[in-house]
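Right, one structure below, let's go through it.
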Amino acid sequence: MKPGRLEYALLLPMLLGSVTAASASGRMTQFPGLHRAPWSSSVTSTQVIHVSGAEIQIDFAHGDLDISHNDIVQWVKTAANAVSLFYGKSPVARVRVLVLPIADEAGVLTGTTWGNVDGFPAFTRMRVGQHTTEQDLANDWTMTHELVHMALPSLSQNHHWLEEGLATYIEPIARSQAGTLSPEKVWGELLRNMPKGEPGATDQGLNQAHSWASTYWGGALFCLVADVSIREQTQNSEGLQDALRAIVAAGGPSIRSGPSPECLPRAIRPLEHRS
Ligand SMILES: [Zn+2]
């Protein structure tokens, strides 16, 4: 009998267990170069938007930007829309996005996401260069990548590759499904970058590999294999997206669930009782 999509959600931890190996540092425990919590910057203005039933509070920290705040708001909205379309709904009900202008820089510099901050299930800090252009925002992948993280709890350091791998794999697909990135671009970039995730001759697996390439592209390669495996077993009628949608639809754990080495199996347990 053909397995249902919830059963494929159950496959995720099994697939996870089939891979030996490690990662970069967990996001929850690392504030590199910062002397205060990332969410404590003073805010000069705020806008609240609603996307697929989720409330997104966009806070602007002190600093100049060449582009307008409305350009930034539209950028966040476009990314949130793509992520909600991919998962079928927003993985969390409330999100806070802190936009931190960085003087004399250009482009979207970095994004980082944490769970459970000051009453918000998800908090994302985006560092945006002062001279960022509208075209920079149109080309940016970072905002979507960060919001993709909302659907998965922070994992132990050994499994950080799954957090980044899922976000790396899903982000271009979500943007493509939302119509803001062409399929040719998606597959061109995946084809160009996936080989970076191939293990070296002495690597012991993802849990033991600490490089950036293994964490992001090794993790993405794992997700591609998981996706193809599900599609092979369902005559291409279902894929990884269906499994992730089932978890989100069932109210499974998300970024708000906090770090735990057991959180992924725990995320799946409610689904076992439902199936
Ligand atoms: Zn990430």
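A short reminder: the numbers here are calculations on the coordinates, not readings from a lab. Values in this document were obtained by computation on a predicted structure and should not be read as measured data. Please note: Cβ atoms are built from the backbone with ideal geometry, for glycine as well, and neighbour counts cover all protein chains shown.
Rounded, prolate or oblate, given the Cα gyration tensor of segment 27-176, with a/c below 1.5 counting as rounded? Could the numbers behind the result be given before it?
Numbers: a/c = 1.40, a/b = 1.19, b/c = 1.17.
Rounded shape, in that the Cα axes give a/c under 1.5.
Taking 0.36 nm per residue of separation and subtracting the Cα-Cα distance, what length does fully extending R94 through A37 add?
Details: separation 57, 0.36 × 57 = 20.52 nm, distance 1.97 nm.
Here the answer is 18.6 nm.
How many nm is it between the label spots at M194 and Q47, if each spot is 7 Å from the Cα in line with the beta carbon?
In this crude spin-label approximation the distance works out to 3.7 nm.
Quick one: dipole size for segment 162-253, taken about the Cα centre, charges +1 on Lys/Arg Cβ and -1 on Asp/Glu Cβ, in debye to the nearest 20.
Values: 6 positive and 11 negative charges, 35 e Å.
With Lys and Arg at +1 and Asp and Glu at -1, about 160 debye.
Treating only the Cβ atoms of Lys and Arg (+1) and Asp and Glu (-1) as charged, compute the dipole magnitude of segment 38-151 about its Cα centre; round to the nearest 20 debye.
Roughly 540 debye, rounded to the nearest 20.
May I ask you to derive the FRET efficiency for H62 and T180 from their Cβ-Cβ distance with R0 = 22 Å, giving the value to the nearest 0.05?
Numbers: r = 30 Å, r/R0 = 1.36.
With R0 = 22 Å, the Cβ-Cβ based efficiency is 0.15.
Fully extended, how many nm does the chain gain between H69 and T133 (0.36 nm per residue separation, minus their Cα-Cα distance)? Working shown, then result.
Numbers: separation 64, 0.36 × 64 = 23.04 nm, distance 1.20 nm.
Extending this stretch completely gives an extra 21.8 nm.
Dipole of segment 135-214, Cα-centred, from +1 at each Lys and Arg C-beta and -1 at each Asp and Glu C-beta, to the nearest 20 debye?
Numbers: 4 positive and 10 negative charges, 27 e Å.
Once rounded to the nearest 20, the dipole reads 120 debye.
Report the FRET efficiency, 1/(1 + (r/R0)^6), for H210 and T110, where r is their Cβ-Cβ distance and R0 is 30 Å, rounded to 0.05.
On the way: r = 19 Å, r/R0 = 0.64.
After rounding, the FRET efficiency stands at 0.95.
Mind listing the long-range amide H neighbours of V128? Cut-off is under 5 Å, sequence gap 5 or more, other chains count too, H placed in the peptide plane at 1.01 Å from N.
Answer set, sorted by chain and number: L100, I102, L109.
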